[in-house]
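Student: The structure follows.
The values are calculated or read from the model by the stated rules, or taken from the named source; none is laboratory data. On a predicted model such as this, the values are computed, not experimentally measured, just so you know. Heads up, the Cβs are rebuilt from the backbone with ideal geometry, glycines too, and the neighbour counts pull from every protein chain shown. For the accessible areas, the whole protein counts, side chains as well, though only heavy atoms, and no ligand, DNA or RNA atoms are used. Shrake-Rupley method; radii C 1.70, N 1.55, O 1.52, S 1.80 Å.
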Amino acid sequence: MTLHGGGTDIAQARHRAAGFLARVQAEHGLPVSQRAMDVTQLVVSELVTNARKYAPGPALLDLRITGDTVEVVVWDSDPVLPIARAADAGRVGQHGLEIVMAVCQGFEAQREPVGKRITARIALLDDPGGAVAGRRPL
């Protein structure tokens, strides 16, 4: 999905993510927990917000299934890699990357020939006891 910087990019990206996971379930029979659906939309929202806020020009959103995870990939034109800030209860805002890293099983930021690519990996299922599948490196 190409994001052109319009005021509806974030909502459209969240909607696209929910539709993608619904199709994964309906057309391919892969189970997707409600948590995975919610977390994927949250991660998409945070990453697209950052791309819109900090990078000039268009951004791209790619969603794909890899094994038992959904990968959320956002490319933007700014080559500066994001850095999660230290926890600070007094800070207002700028917690998006901290949130993404806390809810994902894998996270990677890499420079591209133009801009950067952020990849977040989210488990499709929780274990039978309700715990989130363990964090694995990308």
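Student: Name every residue in the stretch 9-28 that is under 14 Å from L61 (Cα atoms) and loosely packed, with under 13 Cβ neighbours inside 10 Å, in order of residue number.
Tutor: Matches in the stretch 9-28: A11, G19.
Let's see how each residue does on (1) farther than 24 Å from A123 by Cα; (2) exposed (fewer than 12 other Cβ atoms within 10 Å of the Cβ):
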{"position": "L30", "(1), (2)": "no, no"}
{"position": "K53", "(1), (2)": "yes, yes"}
{"position": "L60", "(1), (2)": "no, no"}
{"position": "E71", "(1), (2)": "no, no"}
{"position": "S77", "(1), (2)": "yes, no"}
{"position": "G106", "(1), (2)": "no, no"}
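Student: Under 9 Å between Cβ atoms, which residue pairs at least 6 apart in sequence (or on different chains) link something in the stretch 59-71 that is within 27 Å of H4 (Cα to Cα) and at pLDDT 95 or above with a partner that is aliphatic (A, V, I, L, M) and open to solvent by 70 Å² or more (accessible area, probe 1.4 Å)?
Tutor: Pairs that qualify, where the first residue is within 27 Å of H4 (Cα to Cα) and at pLDDT 95 or above and the partner is aliphatic (A, V, I, L, M) and open to solvent by 70 Å² or more (accessible area, probe 1.4 Å), are E71/L138.
Student: Something else: Among the residues of the stretch 45-64, how many are touching a helix residue (DSSP H, G or I) at 6+ places or on another chain (Cβ under 6 Å) and either part of a strand (DSSP E or B) or of a type in the set (G, A, S) (or both)?
Tutor: Within the stretch 45-64, residues that are touching a helix residue (DSSP H, G or I) at 6+ places or on another chain (Cβ under 6 Å) and either part of a strand (DSSP E or B) or of a type in the set (G, A, S) (or both) number 4.
Student: Further, regarding this structure: Could you grab me the full set of residues in the stretch 32-50 that are open to solvent by 50 Å² or more (accessible area, probe 1.4 Å) and of a type in the set (A, V, I, L, M)?
Tutor: If the condition is that a residue be open to solvent by 50 Å² or more (accessible area, probe 1.4 Å) and of a type in the set (A, V, I, L, M), then L42 is the only one that fits.
Student: Oh, and also: Any chance the stretch 10-20 includes a residue that's on the phi > 0 side of the Ramachandran plot and among the small types (G, A, S)?
Tutor: no
Student: Still on this structure, please answer the following. Cβ-Cβ under 8 Å, sequence separation 6+ or interchain: first residue in the stretch 10-28 and over 13 Å from D38 (Cα atoms) and at pLDDT below 95, partner open to solvent by 90 Å² or more (accessible area, probe 1.4 Å) and not aromatic (F, W, Y). Which pairs?
Tutor: Hits for this filter: zero, empty list.
Student: Also, I was wondering about something else. Suppose we keep only residues that are assigned to a loop (DSSP other than H, G, I, E, B), farther than 20 Å from A55 by Cα and modelled with pLDDT of 75 or more within the stretch 82-104. Which one would you say is most open to solvent (accessible area, probe 1.4 Å)?
Tutor: G90
Student: Here's a check for you: in the stretch 108-138, which residue that is part of a strand (DSSP E or B) and modelled with pLDDT under 90 is surrounded by the most Cβ atoms within 10 Å (Cβ to Cβ)?
Tutor: V132
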